[in-house]
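Visitor: This is the structure I have questions about; it appears just below.
The values are calculated or read from the model by the stated rules, or taken from the named source; none is laboratory data. Only a predicted model underlies this, so the values are computations on that prediction, with no experimental measurement involved. Cβ: placed from backbone, ideal geometry, glycine included. Neighbour counts: every protein chain shown.
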């Protein structure tokens, strides 16, 4: 068996076909280099479209412009509302409680009075949190609808939940009771 390095070496004289092939590869490399330069120049230009008629090759303005519109339901959906200023509410609430405590101490109030004022301040903070979550929940229900079905849509049939343990498959051989059935359709 021959050495693989010897098998890959082909000792032959270059032919006229090889010279043509090398010339074609060099011409193609020059063309690719020119196209790369053109792409680089287009990317660095300030304007996106050709400026003069001489540079307009490839831009056919006579062709009709096709505007693709999305489905009707997409156009009917409201755009998202602008987000308001993001306020760190926890930090504001903590600063409020600290300010109330400092003002109580500066005013020279007694400890039981300070405790009562702090309980009142905490109640204001809790009320604000409750109102904020209630407003968010109402907005969510308005936008997305109620997540839970109403009580009138679910029939009140307690027989589904009344079991005494006799309905197991372990006791399938005994025929004491008839098999369970679905409730009648409404």
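Visitor: From the list 166, 157, 171, which one is modelled with pLDDT under 80 and loosely packed, with under 10 Cβ neighbours inside 10 Å?
Guide: None of the other options fit; the residue is 166.
Visitor: Here are some residues: 117, 105. Which one is touching a helix residue (DSSP H, G or I) at 6+ places or on another chain (Cβ under 6 Å) and in a helix (DSSP H, G or I)?
Guide: Within the list 117, 105, the selection yields 117.
Visitor: Take the conditions in a helix (DSSP H, G or I), over 30 Å from residue 120 (Cα atoms) and either out of contact with any strand residue (DSSP E or B) (no Cβ under 8 Å at 6 or more places or on another chain) or at pLDDT below 65 (or both) and apply them to residue 25. Does it pass?
Guide: It is true that residue 25 is in a helix (DSSP H, G or I), over 30 Å from residue 120 (Cα atoms) and either out of contact with any strand residue (DSSP E or B) (no Cβ under 8 Å at 6 or more places or on another chain) or at pLDDT below 65 (or both).
Visitor: Report every pair of residues separated by at least 6 positions or lying on different chains whose Cβ atoms are under 7 Å apart, first residue within region 88-112 and without any contact (Cβ under 8 Å) to a residue 40 or more places away in the chain, second outside any helix (DSSP H, G or I) and loosely packed, with under 11 Cβ neighbours inside 10 Å.
Guide: none
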